[in-house]
Structure formats: structure tokens, C-alpha cells
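The values are calculated or read from the model by the stated rules, or taken from the named source; none is laboratory data. Quick caveat: nothing in here was measured; it's all calculated off a predicted structure. FYI the Cβ positions are ideal-geometry reconstructions off the backbone, even for glycines, and counts take in every protein chain you see. SASA here: full protein model, heavy atoms, side chains in, ligands and nucleic acids out. Shrake-Rupley method; radii C 1.70, N 1.55, O 1.52, S 1.80 Å.
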Amino acid sequence: MKYQPATHSDTIDWRQEAECRKHYDLLRGGGDPWFPPPGKSTEVNDKALKICFSCPVQQQCLDYALEKKELKAGIFGGKTPTERQYIFKKQQQAKGVKPKTRKKRKAKTA
């Protein structure tokens, strides 16, 4: 059977199988390893990533994050925000979507 990306209608189903659901004990330490506070991301991400890599729905989680544009924080599908931003950018390029560029503001003159 060929893998199909997760859709909104089956979002609940794949989440029930997520490996991270079995590791709520990590939250008791006062932090969330999938959404670490600034400055602690490396040490906590290692725990989250190790769990993600053994997850049977890792790809569905990543697809969900990319679909919902969860690109700035947290670990989804075993990928960091930087990794997801890169994947998203490559997907957009493959679709022929040009990246948005910021308009340069003109300096105000007094």
C-alpha cells in the first residue's frame, strides 16, 4: 500500500498512534521536549527527536506540520523548525511558487 499524506479528516487517527503520546512523563519535569524554551532547545530536542525517530506516524506528523505551516517552533515529524522551513521552501519551489519578498521601505525624510 502506497503512503498517502495525512488529510484534515484523518488527523485524529494518526495522532492516536503517535509515539509522543506515550511519553507524557517527560512533561512532568516542567518542560515540553517538543516545544523547549529558548536556550534549552538542544538538550531537550535530543529527547524529543529520539522519540520521534521511533514513531510509526512520523511522516504524517511532518506532513501535518507542513500543511499547517508549523514552521517556527517545536519538533514535528522528527524535524526542527529550521529543517521544516527548508523542506517547505523546497516544496514550494517544486510547485513553482515564488518566495515572498519583503518590500524595502523608503527612509522617511524630515
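Couple of notes before you dig in:
- Computed accessible area, E43, all protein chains, 1.4 angstrom probe, square angstrom: 120 Å²
- Taking every protein chain into account, the accessible area of segment 52-110 amounts to 83 square angstrom per residue (probe 1.4 Å).
- Summing charges over neighbours of K40, with a neighbour being any other residue whose Cβ is under 15 Å away from its Cβ, gives -2 when K and R count +1 and D and E count -1.
- Entries of K22/K89; K22/K90; K50/K100; K22/K68; K22/K95; K69/K106 with Cα pairs more than 28 Å apart: K22/K89; K22/K90; K50/K100; K22/K95; K69/K106
- Across segment 74-81, rounded Karplus estimates of 3J(HN,Hα) from the backbone phi angles (6.51 cos²θ - 1.76 cosθ + 1.60, θ = phi - 60°) give x, 10, 9, x, x, 10, 7, x Hz, Gly and Pro being marked x.
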